[in-house]
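Novice: Dumping the structure here so I can ask a few things about it.
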Amino acid sequence: MKRVSTTHAPAAVGPYSQATVAGNTVYVSGMLGPDPQGVMSEGIAGQTERAIRNLAAILEASGSDLAHVVKTTCYLAHIADFAAFNEVYGGFFSERPARSCIEAAALPKGALVEIDAIAVTKE
């Protein structure tokens with residue numbers, strides 16, 4: 001297994017890796033909406049876009065990209081944000097990976113969205 005870390009996404013806020021690669025599978029930890037310097041984006045659309053850009057940076061460092069994502073799990077602080085979240089999300093995931101999306105009672109750092117992903121490496 002290989003642990004992945006990149007400065008192009010926020011550093012882990014606990015005892016975990018940004019991603020782990022096992023064989024040709026990449027497991028990306030949940031990403032929130034701050035930029036790499038820790039500044040949180042505004043609103044559900046801004047946080048969703050930033051979280052996906054953070055995922056993309058980690059996937060790139062792992063030898064993958066958004067087109068190779070096979071599954072995401074998405075956590076929303078407010079399920080009422082579902083439509084706005086989907087609008088941004090759909091603009092990044094043209095390959096339509098499998099997905100679960102749920103409302104969470106609370107997310108770290110007061111975030112509105114958290115997204116994790118499982119992908120395969122580019123072949």
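The values are calculated or read from the model by the stated rules, or taken from the named source; none is laboratory data. Everything numeric here is computed off the predicted structure, so don't read it as measured data. All Cβ positions, glycine included, derive from the backbone under ideal geometry; neighbour counts span all protein chains shown.
Novice: Return yes or no: is Ser29 small (Gly, Ala, Ser) and part of a loop (DSSP other than H, G, I, E, B)?
Specialist: Values: small (Gly, Ala, Ser): yes; part of a loop (DSSP other than H, G, I, E, B): no.
In short, no.
Novice: Answer with yes or no whether Tyr75 is closer than 24 Å to Lys122 by Cα and buried (at least 19 other Cβ atoms within 10 Å of the Cβ).
Specialist: Details: closer than 24 Å to Lys122 by Cα: no; buried (at least 19 other Cβ atoms within 10 Å of the Cβ): yes.
Against the criterion (closer than 24 Å to Lys122 by Cα and buried (at least 19 other Cβ atoms within 10 Å of the Cβ)), Tyr75 does not qualify.
Novice: Residues Glu87, Glu95: which one is farther than 22 Å from Met1 by Cβ, touching a residue at least 24 places away in the same chain (Cβ under 8 Å) and outside any helix (DSSP H, G or I)?
Specialist: Glu95 is the lone residue from the list that is farther than 22 Å from Met1 by Cβ, touching a residue at least 24 places away in the same chain (Cβ under 8 Å) and outside any helix (DSSP H, G or I).
Novice: Let me ask you something else. Does the range 64-80 include one or more residues that are modelled with pLDDT of 95 or more, in contact with a Cys (Cβ under 8 Å, 6 or more places away or on another chain), outside any helix (DSSP H, G or I) and under 18 Å from Ala11 (Cβ atoms)?
Specialist: No, the range 64-80 has no match at all.
Novice: Which condition number in (1) in contact with a Pro (Cβ under 8 Å, 6 or more places away or on another chain); (2) surrounded by fewer than 19 Cβ atoms within 10 Å (Cβ to Cβ); (3) without any contact (Cβ under 8 Å) to a residue 60 or more places away in the chain is the one that Met40 fails?
Specialist: Condition (3) is where Met40 drops out.
Novice: Just to check your reading of the model, which residue among Ala12, Ala106, Ala45 is within 14 Å of the chain's Cα centre (by Cα), part of a loop (DSSP other than H, G, I, E, B) and either over 24 Å from Thr121 (Cα atoms) or modelled with pLDDT under 95 (or both)? Walk me through how you get there before you give the answer.
Specialist: On the way: Ala106 fails: within 14 Å of the chain's Cα centre (by Cα); Ala45 fails: part of a loop (DSSP other than H, G, I, E, B).
Within the list Ala12, Ala106, Ala45, the selection yields Ala12.
Novice: Right, another one. Quick test for you: out of Ala45, Ala11, Ala22, pick the one residue that is surrounded by fewer than 20 Cβ atoms within 10 Å (Cβ to Cβ), more than 16 Å from Ile115 (Cβ to Cβ), out of contact with any strand residue (DSSP E or B) (no Cβ under 9 Å at 6 or more places or on another chain) and among the aliphatic types (A, V, I, L, M). Spell out how you get there, then give the answer.
Specialist: Working: Ala45 fails: more than 16 Å from Ile115 (Cβ to Cβ); Ala22 fails: out of contact with any strand residue (DSSP E or B) (no Cβ under 9 Å at 6 or more places or on another chain).
Selected residue: Ala11, the only one of Ala45, Ala11, Ala22 that is surrounded by fewer than 20 Cβ atoms within 10 Å (Cβ to Cβ), more than 16 Å from Ile115 (Cβ to Cβ), out of contact with any strand residue (DSSP E or B) (no Cβ under 9 Å at 6 or more places or on another chain) and among the aliphatic types (A, V, I, L, M).
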